[in-house]
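The values are calculated or read from the model by the stated rules, or taken from the named source; none is laboratory data. Model, not experiment: these values are computed from the prediction. Note that we place each Cβ from the backbone using ideal geometry, even for glycine, and neighbour counts take in every protein chain shown.
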Amino acid sequence: MRTKKAPVREIRPDGKYNSIRIAKLINYVMRDGKKSVAQKQVYAALEQLAAKTGKKPIEAFEDVIKAVTPQMEVRSRRVGGASYQVPMPVRSTRGFSLALRALVESANKRPNKQFHTFAEKLVAEMLDSLQGSGGSINKKNTSHRMADANKAFAHFRW
């Protein structure tokens, strides 16, 4: 266990929308330190999402995040030699991180035959999550099902 709490790093807002949340999405999408490539893909995805939903890009993005963010998760807790999966509520910062991770992973898993760029994959995943389907929503639902199945161990919460 940590002796000190890990410091939270300061993240600068992105240049186009002046949003820290979109800057975090760009950082999750980025590979091999190529931030400008990730920015182009994310901005293109947000513009396409805005065109298809009829909302502003940031509003549409917030709706997607709200749909994908899990409310409950299970965490391992060791009690008397046995490990239990204890359901716990997800803090807002962790929920946002889990939502971004699920969104980017699910977009990456989409087949290359259908989509030509990552931006198209990301838009398709975002639109699916707004409609209640897609890989990121499945991940959220799995987390909720596990928490519900293990609610008998909720009294082990620390």
Given the structure, is Ala82 surrounded by 14 or more Cβ atoms within 10 Å (Cβ to Cβ) and among the small types (Gly, Ala, Ser)? no
Residue that is assigned to a helix (DSSP H, G or I) and of a type in the set (D, E, K, R), where the choices are Lys5, Lys40, Lys16: Lys40
For residues that are free of Cβ contacts under 8 Å to residues at least 12 places away in the same chain and assigned to a loop (DSSP other than H, G, I, E, B), scanning just the range 69-102, find the one that is nearest to Gly134 (Cα to Cα). Arg91
Does Arg77 satisfy the condition of being surrounded by fewer than 19 Cβ atoms within 10 Å (Cβ to Cβ), basic (Lys, Arg) and farther than 18 Å from Ala44 by Cβ? yes
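So which of Ala102, Ala147, Ala154 ends up being modelled with pLDDT of 95 or more and out of contact with any Phe, Trp or Tyr (no Cβ under 9 Å at 6 or more places or on another chain)?
From the options Ala102, Ala147, Ala154, the qualifying one is Ala102.
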Which members of the range 43-62 meet the condition of being outside any helix (DSSP H, G or I) and either in contact with a helix residue (DSSP H, G or I) (Cβ under 8 Å, 6 or more places away or on another chain) or aromatic (Phe, Trp, Tyr) (or both)? Lys55, Lys56
When the residues of the range 29-60 are filtered to those that are touching a residue at least 60 places away in the same chain (Cβ under 8 Å) and among the hydrophobic types (A, V, I, L, M, F, W, C), which remaining residue is surrounded by the fewest Cβ atoms within 10 Å (Cβ to Cβ)? Ala44
For the list (1) on the phi < 0 side of the Ramachandran plot; (2) surrounded by 17 or more Cβ atoms within 10 Å (Cβ to Cβ); (3) at pLDDT below 95; (4) not basic (Lys, Arg), I need the number of the one condition that Asn108 fails. (2)
Mind checking which residues of the range 110-124 are within 16 Å of Ile137 (Cβ to Cβ) and in a helix (DSSP H, G or I)? Lys121, Leu122, Val123, Ala124
On the basis of being free of Cβ contacts under 8 Å to residues at least 60 places away in the same chain, in contact with a helix residue (DSSP H, G or I) (Cβ under 8 Å, 6 or more places away or on another chain), surrounded by fewer than 14 Cβ atoms within 10 Å (Cβ to Cβ) and not aliphatic (A, V, I, L, M), does Lys66 make the cut? no
Of those in the range 121-146 that are under 19 Å from Glu73 (Cα atoms) and of a type in the set (Lys, Arg), the residue surrounded by the fewest Cβ atoms within 10 Å (Cβ to Cβ) is Arg145
